[in-house]
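**Student:** I am attaching a structure below and will ask some questions about it afterwards.
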Amino acid sequence: MSVNVTAQDVAKLRAQTGAGMADCRKALIESDGDFEKAIDYLRKKGQKVAANRSDREAKEGVVVAKANGNYGIIINLSSETDFVSKNAEFVAFANELADIALQNKPADIEAFKALPMGSSTVGDRLMDMVAKIGEKIDVTRYEQVNADTVVPYIHGNYRIGVLVGLNKASNDGITGAGSA
């Protein structure tokens, strides 16, 4: 069966997924015009891209640290090139991931990737980014700190991040600190 895919359909799918126009058109054709199946098609394509790029090193990326009082998280969202890691959309995505981690306090990276993000999971959204950008993208580090006061610091345009946990044992001053 041949399905008639309109430019409006392609634009709508592109707006939902951020995938390229040609990929959106192909996804709609392969899924007979069903948007949910087309999104699933694009997600599977992202998994294939990720598998093909699994041997590549993702040495670039951004570090985001956030805290709310006595709890803080720090994540490293990595990419293959600095061109991608300097992209405003990539940085915004990293900040969105950090907000989810701060709110949900997952125990580790795997638990973090299983958290809901919109209508899918963090792991699925990572695959969506891989499909969209065509590079290996992953959360390569996730740490958390609990203390009386936790303070995040980001330096160098999301290149270096620190979490400092401060505990006050007496009125004489601070007796312990930690970082991740």
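The values are calculated or read from the model by the stated rules, or taken from the named source; none is laboratory data. The structure displayed is predicted, hence computed values, not measured ones. All Cβ positions, glycine included, derive from the backbone under ideal geometry; neighbour counts span all protein chains shown.
**Student:** Any residue in the range 107-116 that is under 24 Å from Arg43 (Cβ atoms) and touching a Gly at 6+ places or on another chain (Cβ under 6 Å)? Show your work before the answer.
**Tutor:** Within the range 107-116, the first condition is being under 24 Å from Arg43 (Cβ atoms), and the residues that meet it are 108-116.
Still in the list and also touching a Gly at 6+ places or on another chain (Cβ under 6 Å): 113.
Scanning the range 107-116, I find at least one residue that is under 24 Å from Arg43 (Cβ atoms) and touching a Gly at 6+ places or on another chain (Cβ under 6 Å), so the answer is yes.
**Student:** Are any residues in the range 1-56 surrounded by 14 or more Cβ atoms within 10 Å (Cβ to Cβ), of a type in the set (S, T, N, Q), at pLDDT 75 or above and assigned to a helix (DSSP H, G or I), and if so, which ones?
**Tutor:** Scanning the range 1-56 gives no hits.
**Student:** Restricting the first residue to the range 104-131 and requiring it to be over 12 Å from Ile39 (Cβ atoms), which pairs with a second residue that is assigned to a strand (DSSP E or B) meet a Cβ separation below 6 Å and a spacing of at least six or different chains?
**Tutor:** That search, which allows pairs on different chains as well, returns Ile109/Val139; Ile109/Tyr142; Phe112/Tyr142; Ala114/Thr121.
**Student:** Search the range 142-169 for residues that are aromatic (Phe, Trp, Tyr) and pair each with any residue that is not in a strand (DSSP E or B) when their beta-carbon atoms are under 8 Å apart and the residues are at least 6 apart or on different chains.
**Tutor:** Within 8 Å, the pairs are Tyr142/Ala101; Tyr142/Pro106; Tyr142/Asp108; Tyr142/Ile109; Tyr142/Phe112; Tyr158/Ser85; Tyr158/Val91; Tyr158/Ala94.
Table: residues versus (1) surrounded by fewer than 17 Cβ atoms within 10 Å (Cβ to Cβ); (2) touching a strand residue (DSSP E or B) at 6+ places or on another chain (Cβ under 8 Å); (3) over 23 Å from Arg14 (Cβ atoms); (4) modelled with pLDDT of 90 or more.
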{"position": "Ala65", "(1), (2), (3), (4)": "no, yes, yes, yes"}
{"position": "Ala98", "(1), (2), (3), (4)": "no, yes, yes, yes"}
{"position": "Asn104", "(1), (2), (3), (4)": "yes, no, yes, yes"}
{"position": "Ser119", "(1), (2), (3), (4)": "yes, no, no, no"}
{"position": "Tyr142", "(1), (2), (3), (4)": "no, yes, yes, yes"}
{"position": "Ile174", "(1), (2), (3), (4)": "yes, yes, yes, no"}
